[in-house]
């Protein structure tokens, strides 16, 4: 009887390690998949921005600095994506780009004569749709990061996480600029 207990303990321990390890792997893969979903939406935005900028230039005198900044941020974001820059740095650039897109939308909406350009209206609708998908993808990513980080931090799975070098992932958080109200100015 003692032999059975003696053999049962290592089997139970091995089963626990196996289950915890597989759970951590599954959650980490979900985090990576969620980031890939964000990346797809960001790529769509990158592809749409040159058309939007050119159409806005044709339709109005929207602040040229905003359009220039969007172009610069788009280039930087695409370079960061290609280089595999870490999430925090990419998130910062993407947050700035989202903020600038809101500024363009506010300026376009502030001038009714601009809104009458059908091509611009269609592009703004696409931008809005993509921004909504990016926001959804961020929420999905953050939910997966929360689940993964919880598993990495909770006892007893944190022991397995430590042994196999599973570390916490970073949330895709809004920066201070995204938390501020958009200021509309009609001064040139």
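The values are calculated or read from the model by the stated rules, or taken from the named source; none is laboratory data. Note that this is a predicted model, so its numbers are computed, not measured. All Cβ positions, glycine included, derive from the backbone under ideal geometry; neighbour counts span all protein chains shown.
Of the residues 58, 44, 105, which single one is at pLDDT below 80 and surrounded by 14 or more Cβ atoms within 10 Å (Cβ to Cβ)? So that I can check it myself, show each step before the final result.
Values: 58 fails: surrounded by 14 or more Cβ atoms within 10 Å (Cβ to Cβ); 44 fails: at pLDDT below 80.
105 is the lone residue from the list that is at pLDDT below 80 and surrounded by 14 or more Cβ atoms within 10 Å (Cβ to Cβ).
For (1) over 12 Å from residue 56 (Cβ atoms); (2) touching a strand residue (DSSP E or B) at 6+ places or on another chain (Cβ under 6 Å); (3) without any contact (Cβ under 8 Å) to a residue 24 or more places away in the chain; (4) not in a helix (DSSP H, G or I), each residue gets a yes or a no:
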{"position": "76", "(1), (2), (3), (4)": "yes, no, yes, no"}
{"position": "89", "(1), (2), (3), (4)": "yes, no, yes, no"}
{"position": "94", "(1), (2), (3), (4)": "yes, no, no, no"}
{"position": "108", "(1), (2), (3), (4)": "no, no, no, no"}
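Among the numbered conditions (1) modelled with pLDDT under 80; (2) more than 30 Å from residue 30 (Cα to Cα); (3) surrounded by 14 or more Cβ atoms within 10 Å (Cβ to Cβ), tell me where residue 85 comes up short.
Condition (2) is where residue 85 drops out.
Any idea which of 119, 132 is out of contact with any helix residue (DSSP H, G or I) (no Cβ under 8 Å at 6 or more places or on another chain), at pLDDT below 95 and in a helix (DSSP H, G or I)? Working first, answer last.
On the way: 119 fails: out of contact with any helix residue (DSSP H, G or I) (no Cβ under 8 Å at 6 or more places or on another chain).
So the residue among 119, 132 that is out of contact with any helix residue (DSSP H, G or I) (no Cβ under 8 Å at 6 or more places or on another chain), at pLDDT below 95 and in a helix (DSSP H, G or I) is 132.
Run down 80, 39, 51, 103 and say which single residue is touching a residue at least 40 places away in the same chain (Cβ under 8 Å) and within 30 Å of residue 165 (Cβ to Cβ).
Only one candidate qualifies: 39.
To keep it simple, each residue is scored yes or no on (1) in contact with a helix residue (DSSP H, G or I) (Cβ under 6 Å, 6 or more places away or on another chain); (2) at pLDDT below 85; (3) closer than 21 Å to residue 50 by Cβ; (4) not in a helix (DSSP H, G or I).
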site	(1), (2), (3), (4)
114	yes, yes, yes, no
149	no, no, no, no
152	yes, no, no, no
158	no, no, no, no
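Go through segment 1-17 and give me each residue that's within 16 Å of residue 159 (Cβ to Cβ) and not in a helix (DSSP H, G or I).
If the condition is that a residue be within 16 Å of residue 159 (Cβ to Cβ) and not in a helix (DSSP H, G or I), then no residue fits.
For segment 4-23, does any single residue satisfy the condition of being modelled with pLDDT of 80 or more, over 21 Å from residue 147 (Cα atoms), within 27 Å of the chain's Cα centre (by Cα) and crowded, with 16+ Cβ neighbours inside 10 Å?
Checked segment 4-23: no residue is modelled with pLDDT of 80 or more, over 21 Å from residue 147 (Cα atoms), within 27 Å of the chain's Cα centre (by Cα) and crowded, with 16+ Cβ neighbours inside 10 Å.
Looking for something surrounded by 12 or more Cβ atoms within 10 Å (Cβ to Cβ), at pLDDT below 95, in contact with a helix residue (DSSP H, G or I) (Cβ under 6 Å, 6 or more places away or on another chain) and over 15 Å from residue 35 (Cβ atoms) - is there at least one such residue anywhere in segment 135-145?
no
Determine whether residue 175 is in contact with a helix residue (DSSP H, G or I) (Cβ under 9 Å, 6 or more places away or on another chain) and modelled with pLDDT under 85.
yes
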